[in-house]
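Below is one structure, written out as structure tokens; comments come after it.
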Amino acid sequence: MELAAGTAALIAITFFAAFVNGALGYGFSSLTVPVALLFHTNRILNPALVVVEVFINLYVLFLNRSAIPAVWKRVAPILVGLAPGIALGSYLIASLHPAWLKFGTYALLLPLILIQAAGLRRPIRSEKLFGVPFGAGLGFLYSVTTISGPPMAVLFNNQGFVKTEFRAGLALIRVAESVLTAIAYWHLGLFVAESQALLWAIVPSVLIGIPLGVYAIRRLDAETFRRVCMSFDVWVVGFGLSRVLLELKLAHGAAAYGPMLVAALLDAWLLFTFFSKQQHVYLRSNRPAAG
């Protein structure tokens with residue numbers, strides 16, 4: 001019964017995540033993983049997601065191929081830094097206890113999503129010097145969680161990437177990290193039968209969800225849609241973190257749900273701020289011209 005519930009939840013969340021990825025060009029893993037980890041371990045889930053992401057990222061890169069010449073030099077240092085981070089993260093996936101991996105995943109994700117939701121921007125002047133260590137950290141994060149969208153979105157927004165450059169840069173890095181991570185997982189023997197079963201459950205959702213997302217975003221406000229998806233992420237990650245605190249006996253009873261409550265309150269405040277700004281912009285743009 002629990003296995004069936006887990007499979008149904010995985011199909012539902014991967015369809016929604018594929019829809020979002022089709023609409024925004026990213027977000028598949030960052031929406032899938034927090035929910036899927038409630039039913040599966042990183043060691044089983046990650047290999048299935050990485051294979052799917054190789055093809056999703058290649059598709060996104062193809063759609064935004066015209067912007068590749070404008071961004072590849074800027075992202076090259078990040079690409080150079082990916083390999084050592086991926087090697088270390090993949091080794092940890094193969095060796096650490098599953099519950100501690102879940103804890104690390106949720107604990108890493110929550111502040112990253114909140115920072116992205118807050119829209120903090122502090123441009124970095126030395127992109128080349130920053131790129132290699134950032135790439136190493138990104139590779140580590142991706143190989144452990146299959147998620148790298150939030151930190152990349154923060155960085156690219158900081159550095160003023162326009163829409164097509166943003167998507168092309170994101171896709172270039174994610175193609176490289178997903179391929180390298182798949183190779184590392186293969187060498188470590190992580191592509192077991194359970195992961196393959198999850199892969200086949202995910203594929204139909206992705207094939208349907210991505211084209212629907214591409215179609216639907218033409219009729220939606222992309223910024224509002226993106227912000228609502230981040231709120232969903234915050235709530236799920238907060239809940240997952242609280243559940244794993246109970247599993248590891250690091251907190252007991254109602255106290256374990258403290259992180260979820262704090263995350264929800266912070267997100268509610270950030271969401272209120274976001275919509276207040278959106279309303280202000282709307283009212284100003286629709287104000288009748290004087291005279």
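Checking every residue in region 212-224 against the condition of being out of contact with any Leu (no Cβ under 8 Å at 6 or more places or on another chain) and modelled with pLDDT of 90 or more gives at least one match.
PRO84 passes every criterion in (1) touching a residue at least 12 places away in the same chain (Cβ under 8 Å); (2) closer than 24 Å to ILE217 by Cα; (3) open to solvent by 60 Å² or more (accessible area, probe 1.4 Å) apart from (2). Filter region 105-139 down to residues that are at pLDDT below 85, surrounded by 17 or more Cβ atoms within 10 Å (Cβ to Cβ) and small (Gly, Ala, Ser), then give me how many there are. Total satisfying the criteria: 2.
So, in region 201-252, how many residues would count as being on the phi < 0 side of the Ramachandran plot and not in a helix (DSSP H, G or I)? Adding up the residues that qualify gives 6. In this structure, does GLY160 turn out to be more than 18 Å from the chain's Cα centre (by Cα) and open to solvent by less than 30 Å² (accessible area, probe 1.4 Å)? Answer is no for this residue. GLY189 meets the conditions (1) crowded, with 21+ Cβ neighbours inside 10 Å; (2) outside any helix (DSSP H, G or I) in every case but one. The failed one is (1).
The values are calculated or read from the model by the stated rules, or taken from the named source; none is laboratory data. This is a predicted model, so every value here is computed, not measured. Using ideal geometry, Cβ is built from the backbone for each residue, glycine included, and neighbour counts are taken over all protein chains shown. These accessible areas exclude ligands, DNA and RNA; they are computed on the full protein's heavy atoms, side chains included. Shrake-Rupley method; radii C 1.70, N 1.55, O 1.52, S 1.80 Å.
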